[in-house]
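First comes the structure, then the notes that go with it.
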Amino acid sequence: MTQIKKVQKYGLKFDSRLELFFYELLKSEKIDFDFQVPYLLHPTFKYQGKSVRAMTLTVDFDLTEKGKSVIVDTKGFQRNDNKLKWKLLKYRLYSEFGEQPHIFLPKNQKECREVVEFIKKL
């Protein structure tokens, strides 16, 4: 499996060069967003007297609080456990909040540009 190289720039840590690319693309287009936003998928709970840790999913770019119903997570490769977390997030967003934001998982720079063009039309 290929190791993804983390990048530091602007005083921030990016999980990949693709994440940095999308960050810079949004900034250049003056699109407001929140960066690396954690979503609680389920809280901590006790099972047979033992604590089970909470499950969260941190999305790279969240525009839902900025007037756009869009969540973006740059992914060169998506593991099976991550697919499950995205299903849980979609369920939670819809069942608890009645929201169905557009969710994008661009895998390359071309797809990142397409997502930004979509956002600009909202």
(request) Return a yes/no flag: does the stretch 91-104 have any residue that is among the polar types (S, T, N, Q) and touching a Gly at 6+ places or on another chain (Cβ under 8 Å). (result) no
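Quick grid of which residues meet (1) loosely packed, with under 14 Cβ neighbours inside 10 Å; (2) assigned to a helix (DSSP H, G or I); (3) modelled with pLDDT under 95:
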| position | (1), (2), (3) |
| --- | --- |
| Lys46 | yes, no, no |
| Ser51 | yes, no, no |
| Phe61 | no, no, no |
| Glu65 | yes, yes, yes |
| Ile71 | no, no, no |
| Lys75 | no, no, yes |
| Gln78 | yes, no, yes |
| Lys83 | yes, yes, yes |
(message) For the stretch 85-107: of the residues being assigned to a loop (DSSP other than H, G, I, E, B) and over 15 Å from the mean Cα position of the chain (by Cα), which is surrounded by the most Cβ atoms within 10 Å (Cβ to Cβ)?
(response) Glu99
(request) Answer yes or no as to whether Asp62 is closer than 19 Å to Val7 by Cβ, charged (D, E, K, R) and within 14 Å of the chain's Cα centre (by Cα). (result) no
(request) Please enumerate the residues belonging to the stretch 4-24 that are among the hydroxyl-bearing types (Ser, Thr, Tyr) and either in contact (Cβ under 8 Å) with a residue 60 or more places away in the chain or over 17 Å from Asp34 (Cα atoms) (or both). (result) Ser16
(message) Taking the criterion of being surrounded by 12 or more Cβ atoms within 10 Å (Cβ to Cβ), over 28 Å from Lys120 (Cβ atoms) and not small (Gly, Ala, Ser), would at least one residue in the stretch 7-21 satisfy it?
(response) no
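The values are calculated or read from the model by the stated rules, or taken from the named source; none is laboratory data. Just so we're clear, the structure is a prediction, and the values are computed from it rather than from any experiment. Positions of Cβ are generated from backbone atoms using ideal geometry, with glycine treated the same way; all protein chains shown enter the neighbour counts.
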